[in-house]
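These notes concern the structure reproduced below.
The values are calculated or read from the model by the stated rules, or taken from the named source; none is laboratory data. These numbers come from a predicted model, not from an experiment. Note: areas computed on protein heavy atoms with side chains; ligands, DNA, RNA excluded. Shrake-Rupley method; radii C 1.70, N 1.55, O 1.52, S 1.80 Å.
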Amino acid sequence: MQIVLMIAGVMLVVAAALTVFRIVRGPGPADRVVATDVLITTVAGAIAVEAAINHRSYTIVVMLVLSLLAFAGTVSMARFVAGRGRVVGTGPSARGADPDPAEGDAPDKRGAVQDDSAVQDDSAVQDDEAEGAAR
């Protein structure tokens with residue numbers, strides 16, 4: 001039983017390290033919030049493993065409080081995102097790129113940038129038709 005608990009502890013440490021990496025390198029605030037939620041869940045799992053090793057039952061309250069904190073953080077971030085009407089940190093302005101319609105990129109109704117380079121200009125099509133008729 002001790003070997004299984006030790007393996008679980010090592011796996012939780014690796015998961016926590018990878019989650020901290022995602023918090024630091026996360027591309028956006030939403031990714032960081034999800035990673036923080038995962039980290040809190042991993043810590044609660046580590047506390048459960050510690051309780052199983054040392055035969056302690058009073059750490060259940062600590063795990064419950066950690067879980068409620070993670071839930072409250074996730075709900076508050078979801079309300080923040082819903083209040084803004086878009087996903088935080090994924091738009092062109094978040095990357096520092098300002099869409100310029102003169103360059104062929106125009107935002108659609110959602111604010112996403114569409115590439116209009118595949119669309120042909122109507123005047124070019126008319127010129128081609130006129131040349132074909134003149135031949």
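A few remarks follow.
- Sorting T41, T59 by solvent-accessible area of protein heavy atoms yields T41, T59, largest first, with a 1.4 Å probe.
- Potential lengthening between A72 and A17 on full extension [0.36 nm per residue; Cα-Cα distance subtracted]: 17.5 nm
- Computed 3J(HN,Hα) for region 19-26, one whole-Hz value per residue from the Karplus formula 6.51 cos²θ - 1.76 cosθ + 1.60 where θ = phi - 60°, is 5, 5, 4, 5, 5, 6, 9, x, glycine and proline marked x.
- Computed over protein heavy atoms with a 1.4 Å probe, the accessible surface of region 1-88 works out to 69 Å² per residue.
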